[in-house]
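Accompanying notes for the structure given below.
The values are calculated or read from the model by the stated rules, or taken from the named source; none is laboratory data. Because the structure is a prediction, the values reported are computed rather than measured. Heads up, the Cβs are rebuilt from the backbone with ideal geometry, glycines too, and the neighbour counts pull from every protein chain shown. When the accessible area is computed, the model is the full protein with side chains, heavy atoms only, and any ligands, DNA or RNA have been set aside. Shrake-Rupley method; radii C 1.70, N 1.55, O 1.52, S 1.80 Å.
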Amino acid sequence: MTHRIVIVGGGAGGLELATRLGRSLGRRGQARILLVDANLTHIWKPLLHEVAAGSLNSSENELNYVAQAKWNHFEFQLGRMIGLDRARKRIRLAATFDDNGAELLPERELPYDSLVIAVGSTTNDFGTPGAAEHCLFLDTRAQAERFHRQLLNHYLRAHAGQAEDQGISVAIVGAGATGVELAAELHHAARELAAYGLDSIRPENMRITLIEAGPRVLPALPERISQPVHRSLEQLGVTVLTNTAVSEVTAEHLRARDGRIIPASLKVWAAGIRAPAFLRELDGLESNRIDQLVVRPTLQTSRDDDIFAFGDCAACPQPGEPGRNVPPRAQAAHQQASLLVKSFRHRLAGRPLPHYQYRDYGSLISLSRFSAVGNLMGNLMGSVKLEGWLARMFYVSLYRMHQMALYGPLRTLLLMLGDRIGRSTEPRLKLH
């Protein structure tokens, strides 16, 4: 019987793995590859801050799972995993409902021989009172589009003379990559909205406050990267508050732990991550305090050789660094997907599985169309700092590399040409 590999989660890592296994094992009939996701389309998560600001039209940059499956010799099932039966080797999917609340697909089970869990992460609000009720998150395309609609509604009300305040205040909690990039992208959006005639709110009247509990922005990156980013944000007019922990969120403001009040009409929480809660004690699998599944260097879960996990939802140890796990970054998920392609070839041949070792190739932070800052790391050149136009080009190339893995060189080239043509015929900002 053909070995059945079920991959749960169609994010960057899960979709790349399904595509590459489909092209190799699936096409040759050596394994049956099945991808499961709760959505019908994929968009690269690092682009969600651009969707939120309106700089990117998500409808034009999404990938359809059904079509991708057909082109790459794997299968796709719509569904959200809610349970696991390790003894019977089955996963349980929740019922799916249409927009009118009618049941589209019933609750059901899917069998597997090997299971790969790649469900990513969600924002961690650390239980802060009011955060879940009053803040927007940027974990999904739907959440990013919701933020964009609310932003645009403020401008439309002001344009029609219906706004009490001819300004808008945005507070972003968390000065990691998402928070920093969103702040810069919103500054760019304010300029573009005014250029298109929605100028009742002038660019300088979009008040953006970036709030970080730690001592500096981009705490996960070297200080030589965070310092120029901090300066660039302030030059753009962004108010950056470091050493400021948020203790409460209300409909009108955020309250800092030191008692300071930060008014905001739009509030985004972009601080911290955790794995989806359903992974907690999933049929006896080991998980950590943020619900990540604990895995070995082979990316097999610590208590079941037939279940793998990778990406943000996995706690993978860093060799030689006791107590430290691989950071939840896109490059780690890409590297792990590449390793698992090799792992499944070995598994089907009865050979030992390779071990994963994280390689840090550096980080790049986009400051919208204004600039980018980052560092590239390699064996020969060490760490090289990049700024400005060159860093921006490298940043854009990351998305093209993701497309290359999914579409191949020819289709990626055609997509690039289509993007170039589209820029001359469409608004520079999504206005609906």
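Take peptides 20-30, 306-316 and line them up by average Cβ neighbours within 10 Å, highest first, as a rough protection proxy. Kindly include the intermediate steps, with their values, before the conclusion.
On the way: 20-30: 18.1, 306-316: 26.1.
Ranking, from highest mean packing down: 306-316, 20-30.
Round to the nearest 0.05 the FRET efficiency obtained for Glu60 and Asp113 when R0 = 25 Å and r is the Cβ-Cβ distance. Intermediate values should be presented prior to the final figure.
Values: r = 38 Å, r/R0 = 1.50.
The formula returns an efficiency of 0.10 here.
What is the angle, in °, between the Cα long axis of helix 330-349 and the longest principal axis of the Cα atoms in the chain? Nearest 10 is fine, range 0 to 90.
10 degrees
Would you count, across the chain, every pair of lysines whose alpha carbons are under 29 angstrom apart, provided the pair is eight or more residues apart or spans two chains?
9
At 0.36 nm per residue, minus the direct Cα-Cα distance, what do Ala220 and Thr242 gain on full extension? Give it in nm, one decimal, please.
6.5 nm
Can you run phi through the Karplus equation (6.51, -1.76, 1.60; θ = phi - 60°) for segment 240-247 and list ³J(HN,Hα) in whole Hz, with x for Gly and Pro?
For segment 240-247, the Karplus curve yields 10, 10, 9, 6, 10, 8, 8, 9 Hz.
Roughly speaking, what is the stretch gain from Tyr361 to Arg28, that is 0.36 nm per residue apart minus the C-alpha to C-alpha distance, in nm to one decimal? Before the final figure, lay out each step's value.
Working: separation 333, 0.36 × 333 = 119.88 nm, distance 3.32 nm.
That pair, Tyr361 and Arg28, stretches by 116.6 nm at full extension.
Would you work out what percent of the accessible area of the chain, with all protein chains in place, is carbon or sulfur (probe 1.4 Å)? Don't skip to the answer; put the middle values down first.
Numbers: 10410 of 20210 Å².
Whole-percent figure for carbon plus sulfur exposure: 52.
Which listed residue (Gln150, Ala118, Leu136) has the Cα farthest towards the positive end of the charge dipole for segment 90-168, taking +1 on Lys and Arg C-beta and -1 on Asp and Glu C-beta about the Cα centre?
Of the listed residues, the answer is Ala118.
Would you mind computing, in nm to one decimal, how far apart the modelled labels at Tyr196 and Thr96 are, each placed 7 Å from Cα along Cα→Cβ?
3.2 nm
Pick out, from Gly161, Trp71, Thr41, the residue whose Cα sits farthest towards the positive end of the charge dipole of segment 41-183, with +1 on the Cβ of Lys and Arg and -1 on the Cβ of Asp and Glu.
Trp71
What span do the alpha-carbon atoms of the chain cover on each of the three principal axes, reported in whole Å from largest to smallest?
Between the extreme Cα coordinates on each principal axis of the chain lie 67, 49, 44 Å.
State to the nearest 20 debye the size of the charge dipole of the chain about its Cα centre, where the only charges are +1 on K and R beta carbons and -1 on D and E beta carbons. It would help to have the intermediate numbers written out before the result.
On the way: 50 positive and 43 negative charges, 307 e Å.
For the chain, the charge dipole is close to 1480 debye.
Can you give the accessible area per residue of the chain, in Å², using a 1.4 Å probe?
Working: 20210 Å² over 432 residues.
Normalised by residue count, the accessible surface of the chain is 47 Å².
For segment 64-151, what log10 I(q)/I(0) values come out of the Debye formula at q = 0.14, 0.19, 0.24, 0.25 1/Å, with one point per alpha carbon and no solvent?
Treating every Cα as an identical point scatterer, log10 I(q)/I(0) equals -0.80, -1.18, -1.23, -1.24.
If you fit an axis through the alpha-carbon atoms of helix 223-235 and take the longest principal axis of the Cα set of the chain, what angle between them do you get, 0 to 90°, nearest 10?
40 degrees
What does the charge dipole of segment 78-158 about its Cα centre add up to, to the nearest 20 debye, if the Cβ of each Lys and Arg holds +1 and the Cβ of each Asp and Glu holds -1? Let's see the in-between values first.
Working: 11 positive and 11 negative charges, 34 e Å.
About 160 debye.
For segment 114-221, which chymotrypsin sites (Phe, Trp or Tyr not before Pro) are both in a DSSP coil and crowded by at most 16 other Cβ atoms within 10 Å?
Values: sites: Phe126, Phe137, Phe147, Tyr155, Tyr196; in loops: Phe126, Phe137, Tyr196.
Answer by residue number: Phe126, Tyr196.
Comparing Ala332, Ala271, Ala67, which has the greatest mean-square fluctuation in the GNM of the chain with Cα pairs linked when under 10 Å apart?
Ala67
Could you calculate the FRET efficiency of Glu103 with Ala142 from 1/(1 + (r/R0)^6), where r is the beta carbon distance between them and R0 is 25 Å, rounded to 0.05?
On the way: r = 20 Å, r/R0 = 0.81.
Step by step, r from the Cβ atoms, then E = 0.80.
Which trypsin sites (Lys or Arg not before Pro) does segment 60-165 hold that lie in a coil by DSSP with at most 10 other beta carbons within 10 Å?
Working: sites: Lys70, Arg80, Arg86, Arg88, Lys89, Arg90, Arg92, Arg108, Arg141, Arg146, Arg149, Arg157; in loops: Arg80, Arg86, Arg88, Lys89.
Passing both the DSSP loop test and the Cβ count: Arg88.
When the helix-only estimate is applied to the chain (DSSP H runs of n ≥ 4, each -39,500 (n - 2.57), divided by the residue count), what is the mean residue ellipticity at 222 nm, nearest 500 deg cm²/dmol? Let's see the in-between values first.
On the way: 10 runs with 134 residues, N = 432.
Roughly -10000 deg cm²/dmol at 222 nm, from the helical runs in the chain.
By how many nm would the segment from Arg280 to Tyr399 lengthen if fully extended, with 0.36 nm per residue of separation less the alpha-carbon distance?
Working: separation 119, 0.36 × 119 = 42.84 nm, distance 3.18 nm.
Separation in residues times 0.36 nm, less the Cα-Cα distance, equals 39.7 nm.
With the crude spin-label approximation of a point 7 Å out along Cα→Cβ, what separation in nm comes out for Gln162 versus Arg257?
4.1 nm
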